[in-house]
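This report concerns only the one structure given below.
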Amino acid sequence: MSSAITTGFTPQAKARPPRAPGENYLNVAFGVKSWLLTTDHKRIAILYLVTLTILFFIGGAAATVIRLNLMTPNGELVPADTYNKLFTAHGIIMVWFFLVPVVPTVLGNFLVPMMIGARDLAFPKINLLSWYVFTIGAIITLWALLAGGVDTGWTFYTPFSSKYARTNVIPTMLGIFISGFSSIMTGLNFIATMHTMRAPGLTWWRMPLFLWAHYAVSVIQVLATPVLAMALILVGVERVWGVGIFDPELGGDPVLFQHLFWFYSHPVVYIMLLPSMGITSEVITCFARKPIFGYVFIVWSSIGIAVLGFLVWAHHMFVAGQSVYSALIFSALSYLVAVPSAIKVFNWTATLYKSSIAFETPMLFAMGFVALFTMGGLTGLFLACLGVDLHVHDTYFVIAHFHFIMVGGAVMGYMAGLHFWWPKMTGRMYSDFLSKLAALIIFVGFILTFLPQFVLGYLGMPRRYHVYPPEFQVLNVMSSAGASILAVGYVLPLFYMLWSLYAGKPSGPNPWNATGLEWQTPSPPPPHNFDETPIVTTGPYEYSMEESALVH
Amino acid sequence: MFAEVPLFPEQASTTAQRVDALFFFLCTVCGTMAVLIAALVLYFAFKYHRRAEDERTPRILGNNRLEWFWTITPLFVFLIMFLWGASVYTSVALPPPDAMEIFVVGKQWMWKIQHPSGQREINELHIPVDQPIKLTLTSEDVIHNFSVPAFRTKIDVIPGRYVQIWFQPTKVGNYHLFCSQYCGTSHSNMVGTVIVMEREEYREWLASQAATGSLADQGRQLFLKFQCITCHSADAAARAPVLEGLYGRTVPLKDGRTVVADDAYLRESILYPEAKVVQGWEPIMPTFKGQVEEEDLIKLLAFIKSLKPGQTPVRNEEASPPLDAPKVPPGGNPKPRESVPTYRPQGKSTQP
């Protein structure tokens, strides 16, 4: 009745050098230098966590002003130029400096080595370098956004961005360009680590779905990010030297940019989403105390999403004057990419059948993820549908849809993961009551914010409008009211999470009785994770095996 | 107050009814799917919530038959959605042959409209009800998007090329016209009104608008003003192809290719004459890029489109006829001049 059998964890004979009792990655060294020069993947994860949390609240502040401004049809709060800079800043920060990196660099960095039974990532120094590169990129872009701003929208459509915009286009793009390298480094690191450093017995088909999701994401990051880098360089070249690439006056094609941009920026949605799907699989199995339903199908659906995600980019251009044939092909492919997502939702639902569900905070977030992601996915079917896209393209229908996917989906999943592994990362439990309250507030606030936007979109309200016809006001006020609730929901965790560091009760190594190698170490984990290399003898999620009753 | 809050947009075109039918179909299918999943999750959550700390669960790992069922079924449903959506989209792709053509030029931040009979308006589009309308659009600067929610249609208006949409309004009234593609500071003020009128009312409106001749007439003036006639003349000394009856024809090019003389080709040949040189002619034409504005291009095109055999102006005609020249009815054209030799095929001279 050692916990070893139940989780497939068997201590191997070879022992690491002894460490002081109670020593962990947080208390092994102190001081600024011990953080800024660390190569410990867990400490780098914390560096990312702090950086990204700050960026999230900056991006959120921009959203707050946007929603406040939209409470009146005449946009009395801020002038048009400021409004345009605000939604651009909101998009750029949230997409490139929060959603894309957040799960891989915080939870992925912390957990990938631990889940595969390794002591660190394959390239610990590159891992640290990626944080520096990311931070430099973020600072440059933030500086550009604050000192004058940029008003192109996060999509940088040409020839507006390459010729007409009189704002900080080049420095903003430079920051994004630089941070892209961090994305590639993280992806390469994860791929190398998962290929070469899995513990004995941890075959590919025994890997937790969180790892599969990160594998798929890493492949997308490595393949797609360079295309964005090229697209941004081309805009810069045209803007600075007047080389005709996108500007028709110079013989260029403005729509070419959209192809290049969306070739990256559609897969990027899956970079945001896949890790949260992985988290959901981990959390649901743990709190349903049951193995995942259809493991192999979920793995293949992740790979399917990663591959098909590259083949749907032109659905962003159904009304951009592309040929009818091209529209037909990309519509069909877009429907195809919806299938693997549907498979995941069905499997998560089936996992709950005959389970034993404990409604702890991470489970509430995960169920919120499933609900909101399902709604986001289903409304995506409307946009993939050529006849309907004709009407709702570039309206608030699209805004609502992708916020359901990227905020309702990706952020909800991240919150589930953060609450799930917080005790592992810090060794402390947060307030049970406040965290459940936050989950509820975020869910309700989110629905109230974005549901009215579907109606607004079908009514025809275009996106990026500083002023709008007065008949749209009631729905906009409803949306803004919801956003204020949502804001409370996002600020709340900041307080109880920080509070838990001082006053939270110790969590113990495995507060949720979860399987998975990361739970076999003390919380917080020792600097090198495992004193002995674990040997894996079973698949993940063996929550229903005989021995599980014996744990604790 | 809430009684005045619209929750559904007005249906004012034949497209609107088709798009809405499809939309309701999607709502029904997706709504059913959502309710089904939600009901299952809630039922499981209620039925299987943990009652005792040491509760056990059966080790269910999956069911391949079930997996294939919920892989194939959505695929089938999606196929129906795709086909229906495609049929609506393709039906609005091609305008009917009897559609009335109106030209739209977008610029930061206004819509400039040119009617075939020469009337111009800004941020307003007057059209008759129950008449198919074909819009040909281009932009002077950045990408805009011409969108009329009540018609359920929109199109990106792209600089450097012509795009087209068509619709058939079914209901008299005033409808929003939005720019739906972000285009800079006053993007949200690049709005206007589409005014759908009874046919009779529309005719009265047209008559009340000042117009110095039809678009084709105005194009003819430009044809003389820019000295196009010097080379594109219909006499023996012509140094460039005659443009009579050119529109819609297949033109052989110097490099052996052929091209259909559509709007895009004519536009390109005026702005970038060397891009496609007609077989049998030398590339001697200078570029008119930077000299001809988008709106003037549209007039020139209208003139070339209207040019029937024998209608090319004589070379020494004064560039600017008096402003009070007799007004030509829409679609009508100046009488052919007897002195001018009639239609000659293109590519005559150096061709063996």
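The values are calculated or read from the model by the stated rules, or taken from the named source; none is laboratory data. Note that the coordinates shown come from a computational prediction; the quantities given were computed from them, not determined experimentally. Using ideal geometry, Cβ is built from the backbone for each residue, glycine included, and neighbour counts are taken over all protein chains shown. Note: areas computed on protein heavy atoms with side chains; ligands, DNA, RNA excluded. Shrake-Rupley method; radii C 1.70, N 1.55, O 1.52, S 1.80 Å.
Could we say that A:G75 is over 24 Å from the mean Cα position of the chain (by Cα) and buried (at least 17 other Cβ atoms within 10 Å of the Cβ) here? Yes, satisfied. Every residue in region B:282-298 that is in contact with a Lys or Arg (Cβ under 8 Å, 6 or more places away or on another chain) and open to solvent by less than 20 Å² (accessible area, probe 1.4 Å), please. Of everything in region B:282-298, those that are in contact with a Lys or Arg (Cβ under 8 Å, 6 or more places away or on another chain) and open to solvent by less than 20 Å² (accessible area, probe 1.4 Å) turn out to be B:E295, B:L297. Assess whether B:L7 counts as being facing chain A (nearest Cβ under 7 Å), farther than 22 Å from A:S355 by Cα and open to solvent by 50 Å² or more (accessible area, probe 1.4 Å). For B:L7, the condition - facing chain A (nearest Cβ under 7 Å), farther than 22 Å from A:S355 by Cα and open to solvent by 50 Å² or more (accessible area, probe 1.4 Å) - is met. Annotation note: of A:T379, A:T374, the sole residue that is within 8 Å of chain B (Cβ to nearest Cβ), within 18 Å of the chain's Cα centre (by Cα) and at pLDDT 95 or above is A:T374.
Results for (1) of a type outside the set (G, A, S); (2) part of a helix (DSSP H, G or I); (3) under 25 Å from A:A338 (Cβ atoms); (4) more than 7 Å from chain A (Cβ to nearest Cβ), shown as yes or no for each residue.
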site: B:A16; (1), (2), (3), (4): no, yes, no, yes
site: B:G31; (1), (2), (3), (4): no, yes, yes, yes
site: B:A34; (1), (2), (3), (4): no, yes, yes, no
site: B:F46; (1), (2), (3), (4): yes, yes, no, yes
site: B:G62; (1), (2), (3), (4): no, no, yes, no
site: B:R65; (1), (2), (3), (4): yes, yes, yes, yes
site: B:V77; (1), (2), (3), (4): yes, yes, yes, yes
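The residues of region A:467-486 that are closer than 20 Å to A:I442 by Cβ and either buried (at least 20 other Cβ atoms within 10 Å of the Cβ) or of a type outside the set (A, V, I, L, M) (or both), listed by number, are A:S479, A:S480, A:G482, A:A483, A:S484, A:L486.
Contact map, region B:218-236: first residue farther than 15 Å from B:L301 by Cβ and open to solvent by 20 Å² or more (accessible area, probe 1.4 Å), second residue assigned to a loop (DSSP other than H, G, I, E, B) and polar (S, T, N, Q), Cβ cut-off under 9 Å, separation 6 or more or different chains; pairs are B:K225/B:S320; B:D235/B:T312. Scanning region A:356-369 for residues that are at the interface with another protein chain (Cβ under 8 Å from one of its Cβ atoms) and either open to solvent by 10 Å² or more (accessible area, probe 1.4 Å) or among the charged types (D, E, K, R) (or both) yields A:A358, A:F359, A:M367.
Among the residues of region B:134-146, is any in contact with a helix residue (DSSP H, G or I) (Cβ under 7 Å, 6 or more places away or on another chain), more than 14 Å from chain A (Cβ to nearest Cβ) and not in a strand (DSSP E or B)? Scanning region B:134-146, I find no residue that is in contact with a helix residue (DSSP H, G or I) (Cβ under 7 Å, 6 or more places away or on another chain), more than 14 Å from chain A (Cβ to nearest Cβ) and not in a strand (DSSP E or B), so the answer is no.
Going by the conditions given, is A:S302 of a type in the set (S, T, N, Q) and closer than 21 Å to A:M545 by Cα? Criteria not met by A:S302.
Residue check: B:Y182 meets all listed conditions (1) closer than 19 Å to B:I155 by Cα; (2) in a helix (DSSP H, G or I); (3) among the aromatic types (F, W, Y) but one, namely (2).
From the list A:A514, A:A481, A:A487, the one residue that fits, being without any contact (Cβ under 8 Å) to a residue 60 or more places away in the chain and either in a helix (DSSP H, G or I) or in contact with an Asp or Glu (Cβ under 9 Å, 6 or more places away or on another chain) (or both), is A:A481.
Taking region A:131-173 as the range and being part of a helix (DSSP H, G or I) and of a type in the set (A, V, I, L, M) as the test, the residues that pass are A:V133, A:I136, A:A138, A:I139, A:I140, A:L142, A:A144, A:L145, A:L146, A:V169, A:I170, A:M173.
Summed over region A:280-324, the residues that are open to solvent by 10 Å² or more (accessible area, probe 1.4 Å), in contact with an Asp or Glu (Cβ under 6 Å, 6 or more places away or on another chain) and in contact (Cβ under 8 Å) with a residue 60 or more places away in the chain give a count of 1.
Residues in region A:460-478 that are part of a helix (DSSP H, G or I) and either in contact with a Leu (Cβ under 8 Å, 6 or more places away or on another chain) or of a type in the set (D, E) (or both): 5 in all.
Taking the criterion of being hydroxyl-bearing (S, T, Y), assigned to a helix (DSSP H, G or I) and surrounded by 22 or more Cβ atoms within 10 Å (Cβ to Cβ), the residues of region A:400-450 that qualify are A:Y414, A:S435, A:T449. Checked against the criterion of being free of Cβ contacts under 8 Å to residues at least 24 places away in the same chain and surrounded by fewer than 21 Cβ atoms within 10 Å (Cβ to Cβ), the candidates A:L492, A:L498 yield just one match: A:L498. Selection within region B:50-84: residues that are open to solvent by 50 Å² or more (accessible area, probe 1.4 Å) and among the basic types (K, R). The member of this set that is nearest to the chain's Cα centre (by Cα) is B:R65.
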